[in-house]
Amino acid sequence: DTGVSQDPRHKITKRGQNVTFRCDPISEHNRLYWYRQTLGQGPEFLTYFQNEAQLEKSRLLSDRFSAERPKGSFSTLEIQRTEQGDSAMYLCASSRGLEQYFGPGTRLTVT
Amino acid sequence: QKEVEQDPGPLSVPEGAIVSLNCTYSNSAFQYFMWYRQYSRKGPELLMYTYSSGNKEDGRFTAQVDKSSKYISLFIRDSQPSDSATYLCAISPGNEKLTFGTGTRLTIIP
């Protein structure tokens, strides 16, 4: 499978715990994006990378959120001290041009 | 005002009907327009993108953009039960982040 992959697909955690998600983009894509989607809403932009450089962060991305893309390959999104409001689907997308291709998402449930 | 407005539906139509899905946007800086299809609990799948006013056709799907009215549409001809999904419009000023509508949930009734 040469599409965008995300791991884990599902994560249940207790409030206050830290979680980390991984995204592996399509191999020749230099841009990688993170979005968050809640029920009944479209995806909302969180941050994006061009190669290893993080070029933009949304104001939605509080200090508890951090993203990295070491060596411009896979990316990780970490949420510290999770809150119930962090429950959502976290989507990763990659692109080489205008077209962004999404992975299957990681569904986070904070109890 | 949201940057992209999309009627969330739900929309139910009989199999074989023509479906019309629409979005409006507020910022003329947006130049690129995409339509994504999302099945329940899956990631969005890119259907079409366009950057100019007018129509773009791909099989049973036609994307239409009217930049003067800031209005974009997706038409589905000969709709099939497998077309039942949530359809998301997305816009971008260029080679960067997408701004999505809320999505329209579509059901095709056999």
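The values are calculated or read from the model by the stated rules, or taken from the named source; none is laboratory data. Because the structure is a prediction, the values reported are computed rather than measured. Here the Cβ is made from the backbone with ideal geometry for all residues, glycine too, and neighbour counts use every protein chain on show. Side chains included, ligands, DNA and RNA excluded: accessible areas come from the protein's heavy atoms. Shrake-Rupley method; radii C 1.70, N 1.55, O 1.52, S 1.80 Å.
Listing for the model above:
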{"quantity": "Wholly within the stretch A:64-108, strands (runs of 3 or more DSSP E) carrying at least 1 residues that are closer than 24 Å to residue B:49 by Cβ and out of contact with any Ser or Thr (no Cβ under 6 Å at 6 or more places or on another chain)", "calculated": "A:75-79, A:88-95"}
{"quantity": "Residues that are free of Cβ contacts under 8 Å to residues at least 60 places away in the same chain, acidic (Asp, Glu) and surrounded by fewer than 15 Cβ atoms within 10 Å (Cβ to Cβ), drawn from the stretch A:66-89", "calculated": "A:68"}
{"quantity": "Subset of the stretch A:12-65 that is touching a Gly at 6+ places or on another chain (Cβ under 9 Å) and of a type in the set (Asp, Glu) - its residue that is most open to solvent (accessible area, probe 1.4 Å)", "calculated": "A:52"}
{"quantity": "Residue within the stretch B:46-58 that is open to solvent by less than 70 Å² (accessible area, probe 1.4 Å) and in contact (Cβ under 8 Å) with a residue 60 or more places away in the chain present", "calculated": "no"}
{"quantity": "Qualifying positions in the stretch A:1-58 - of a type in the set (Lys, Arg), more than 10 Å from chain B (Cβ to nearest Cβ) and not in a strand (DSSP E or B)", "calculated": "A:14, A:15"}
{"quantity": "Enumeration of residues in the stretch B:3-28 that are farther than 30 Å from residue A:10 by Cα, outside any strand (DSSP E or B) and either at pLDDT 95 or above or of a type in the set (D, E, K, R) (or both)", "calculated": "B:3, B:15, B:16, B:17, B:18"}
{"quantity": "Residue in the stretch B:71-83 that is under 17 Å from residue A:40 (Cβ atoms), of a type in the set (D, E, K, R) and open to solvent by 70 Å² or more (accessible area, probe 1.4 Å) present", "calculated": "no"}
{"quantity": "Hey, residue A:27 under 11 Å from the mean Cα position of the chain (by Cα) and touching a residue at least 24 places away in the same chain (Cβ under 8 Å) or not", "calculated": "no"}
{"quantity": "When residues of the stretch B:65-107 are limited to those that are under 21 Å from residue B:13 (Cβ atoms) and part of a loop (DSSP other than H, G, I, E, B), the one farthest from the other protein chains (Cβ to nearest Cβ)", "calculated": "B:78"}
{"quantity": "Residue within the stretch B:29-51 that is more than 12 Å from every other protein chain (Cβ to nearest Cβ), out of contact with any helix residue (DSSP H, G or I) (no Cβ under 9 Å at 6 or more places or on another chain) and either modelled with pLDDT under 95 or not in a loop (DSSP other than H, G, I, E, B) (or both) present", "calculated": "yes"}
